[in-house]
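The values are calculated or read from the model by the stated rules, or taken from the named source; none is laboratory data. These numbers come from a predicted model, not from an experiment. Methodologically, a virtual Cβ is constructed for each residue, glycine included, from the backbone with ideal geometry; neighbour enumeration extends over all protein chains shown. Ligands, DNA and RNA are excluded from the accessible area calculation, which covers all protein heavy atoms including side chains. Shrake-Rupley method; radii C 1.70, N 1.55, O 1.52, S 1.80 Å.
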Amino acid sequence: MGEGKGDEKQHEKIMQAAQIHLVVATLIMTVTFTAGFTLPGGFESDTNSPNKGMAILLRRTAFRAFVVTDAIAFTSSAAAVFTYFAMAASVISEPELRVVMRLYKIAVFCSFWQCQPL
């Protein structure tokens with residue numbers, strides 16, 4: 001079941017765009033992962049405090065919003081990266097443009113979802 005010349009060209013363009021999106025999604029995933037460890041406000045370091053090691057801003061609404069949006073961004077970018085890898089794996093076997101297009105649309109949706117403000 002060979003692809004036509006037009007399908008081949010479209011498949012090539014999609015894969016080139018996917019490479020760029022993969023780099024962006026990986027960078028966002030790295031930044032959100034790092035942000036999860038370097039929380040804003042820092043940690044309680046007083047040795048006599050019962051909250052030693054806890055985030056200082058733990059009870060603030062803005063901090064909770066940060067944690068939730070950071071988790072959403074990380075999950076969305078991880079899903080996008082996984083989908084791009086699935087696209088690359090589908091090229092190894094007999095590529096079908098319909099499957100690659102569907103995977104591409106899912107990955108782009110995940111990439112845009114992580115960049116949307118709440």
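Structure above, values below:
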quantity	calculated
Flag if Asp7 is modelled with pLDDT under 85, more than 30 Å from Thr83 (Cβ to Cβ) and acidic (Asp, Glu)	no
Residue in the stretch 38-60 that is modelled with the lowest pLDDT, counting only those that are closer than 16 Å to Asp70 by Cα and open to solvent by 70 Å² or more (accessible area, probe 1.4 Å)	Thr38
Filter result for the condition that a residue is without any contact (Cβ under 8 Å) to a residue 40 or more places away in the chain, β-branched (Val, Ile, Thr), open to solvent by less than 90 Å² (accessible area, probe 1.4 Å) and part of a helix (DSSP H, G or I), over Thr69, Thr26, Thr32, Thr83	Thr83
Total residues in the stretch 82-118, condition at pLDDT 70 or above and within 28 Å of Phe66 (Cα to Cα)	11
